[in-house]
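Undergrad: I'd like to ask some things about the structure below.
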Amino acid sequence: MGFSNEQIMSVYGHWSEPVEKTDLLFNELNKISTITSINKQNNTPASPSYSSTFMTYYNVEEEPIKNNVYRKSGDTTYLSFYKINLLAGRNLTPKENLKEIIINETYVKELGLKSPS
């Protein structure tokens, strides 16, 4: 499947919950010594749930390519938590106001790129 799903428990919090409440849960779970890793995300990689948005990519000819893309959100530990390897590029940086994305091979092909790099 391209990711690890062994010994993982997912706790769902409704999207409308205040950040302070989810941060409190996150911090309390981090205090439990038998929990070896934890991350914040909207869905696991295997979850059929997703959100979508329209994205516009401008190729070298400055032509816009518009796609409705499905997305999953996670913090900077998402990839390492699920042992997901990147084919190219780098992981997200831990800056709160910076918006970055990592795209999968399917979207690379939809954009007409020859390779992920």
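Please treat every number below as a calculation from the coordinates, not as lab data. For clarity, every value in this text was computed on a predicted model and none was experimentally measured. Note that each Cβ is placed from the backbone with ideal geometry, even for glycine, and that neighbours are counted across all protein chains shown.
Undergrad: Find how much the distance from Ile101 to Thr53 grows on full extension, using 0.36 nm per residue of separation minus their present alpha carbon separation; answer in nm with one decimal.
TA: Taking 0.36 nm per residue and subtracting the Cα distance, the gain is 16.0 nm.
Undergrad: Given (i) 41, 17, 10; (ii) 33, 14, 12; (iii) 30, 17, 13 as candidate values of semi-axes √(5λ) of the Cα gyration tensor in Å, which corresponds to the one derived from the coordinates?
TA: Matching entry in (i) 41, 17, 10; (ii) 33, 14, 12; (iii) 30, 17, 13: (iii).
Undergrad: Given a cut-off of 26 Å, name the pairs among Lys40/Lys66; Lys31/Lys95; Lys66/Lys99; Lys40/Lys114; Lys21/Lys66 whose C-alpha atoms lie farther apart than that in the structure shown. Spell out each step's value before the answer.
TA: Values: Lys40/Lys66 29 Å; Lys31/Lys95 24 Å; Lys66/Lys99 19 Å; Lys40/Lys114 32 Å; Lys21/Lys66 36 Å.
Beyond 26 Å: Lys40/Lys66; Lys40/Lys114; Lys21/Lys66.
Undergrad: Let me ask you something else. How many nm is it between the label spots at Ile32 and Lys114, if each spot is 7 Å from the Cα in line with the beta carbon?
TA: 5.0 nm
Undergrad: Between the helical axis of 19-30 and the dominant principal axis of the chain, each derived from Cα atoms, what acute angle in degrees is found, rounded to the nearest 10?
TA: Compared with the principal axis, the helix lies near 60 degrees.
Undergrad: Could you work out the relative contact order of the range 6-108, using alpha carbon pairs under 8 angstrom and six or more residues apart, expressed as a whole percent?
TA: It comes to 19 percent, rounded to a whole number.
Undergrad: Could you identify which residue out of Ser33, Ser47, Ser80 has the top mean-square fluctuation in a GNM of the chain using Cα springs shorter than 10 Å?
TA: Comparing Ser33, Ser47, Ser80 in a Gaussian network model of the chain, the most mobile one is Ser33.
Undergrad: Over all directions, the average projected area of the alpha-carbon convex hull for the range 58-117 comes to how many nm²?
TA: For the range 58-117, the mean projected area of the Cα convex hull comes to 5.0 nm².
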